[in-house]
């Protein structure tokens, strides 16, 4: 057979994640296209073409410097110059948002979009999505699409497995395990909200996560026993983040009350303690309960980059938002506050936040404390 008669098989690529769309997962999809300015289309069908979701998509696209293509299904022929097929098959990637899986699949089938998506997959268009946008690519999934209780919803069957997004939600994971045990669903994959799985030609080839707390799992039944296999995930980190070896990490694990006598700002830890005393403890009319809460703030770790920028991880907001991350900038031996941020759900996630935001925080600090003012 001549080389001219041999056709290279086009990879069928699907990327799924447990929650709804996020900037890092959209970046991952963009990278999968291997194009400088890819056309990536968002399908908000499951949320009834929700405008807030579309605005969020546009925001992500602006951050990534790509055009925000959107395919709405609530349309009329008067204002739709292109067919669904013309639009979707012209894309490099398609991202499906969350919402009601059952309604979305029904609309797609009524409009022939299910067939178009299959054509797109075979053409080499990257298909992706989270929540309802994950379930849709599988044979079936656990969904909240019906009244009263969670149930099984059929997908398009592009992937020969079952699926459970939002897997950290106990009711979902429990039902998923039960349905596989009772053989009402085939073996399959589950993802916590911020974990994702890449499939190439029907096989899982990459497991990624935005946090050490969010994971992907393969669920199967063997000898009558359900096995929940945690997959090793690669943590996604922005390309402009600090490299591993470029900053110092120091474990602290002390309460503010144990350091309350500190009265200098010559190192980041001391500056953090001083800042809490000045900002929180000296607040007029502070209640005793609030004072106790401040004194019991735990300081977990400190990251220092180039003896210039420091990030102090603390648990001031652990019951509401996650770990706090307070930044300090070295001004000729005096560490001055650059403000605080939410680091993430875990200390490790806070470290990622520090690495990713270091350049921006240094730029901010240089504006706050220009060299000629020191």
| said: For the condition at pLDDT 95 or above and farther than 26 Å from residue 356 by Cα, what is the one hit in 257, 301, 283? | reply: 257
| said: Restricting to the range 19-46, give me the number of residues that are surrounded by 21 or more Cβ atoms within 10 Å (Cβ to Cβ) and more than 19 Å from residue 237 (Cβ to Cβ). | reply: 8
| field | Residue that is touching a residue at least 12 places away in the same chain (Cβ under 8 Å) and either part of a helix (DSSP H, G or I) or farther than 27 Å from residue 193 by Cα (or both), where the choices are 321, 328 | value | 328
| Hey, among the residues in the range 51-83 that are outside any helix (DSSP H, G or I) and under 20 Å from the mean Cα position of the chain (by Cα), which one's nearest to residue 99 (Cα to Cα)? | 68
| task | Considering only the range 228-239, state which residues are part of a strand (DSSP E or B) and either in contact (Cβ under 8 Å) with a residue 60 or more places away in the chain or surrounded by 14 or more Cβ atoms within 10 Å (Cβ to Cβ) (or both). | result | 228, 231, 235
| field | Residues satisfying the stated conditions in the range 78-126, i.e. at positive phi, touching a helix residue (DSSP H, G or I) at 6+ places or on another chain (Cβ under 9 Å) and surrounded by fewer than 19 Cβ atoms within 10 Å (Cβ to Cβ) | value | 112
| field | Residues satisfying the stated conditions in the range 195-223, i.e. more than 12 Å from the chain's Cα centre (by Cα), touching a residue at least 12 places away in the same chain (Cβ under 8 Å) and not in a strand (DSSP E or B) | value | 201, 202
| request: Give the range 29-50 a look and list any residue that's outside any loop (DSSP other than H, G, I, E, B) and touching a helix residue (DSSP H, G or I) at 6+ places or on another chain (Cβ under 9 Å), or say none. | output: 40, 41, 42, 43, 45, 46, 47
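The values are calculated or read from the model by the stated rules, or taken from the named source; none is laboratory data. Since we're looking at a predicted model, the values are computed, not measured. All Cβ positions, glycine included, derive from the backbone under ideal geometry; neighbour counts span all protein chains shown.
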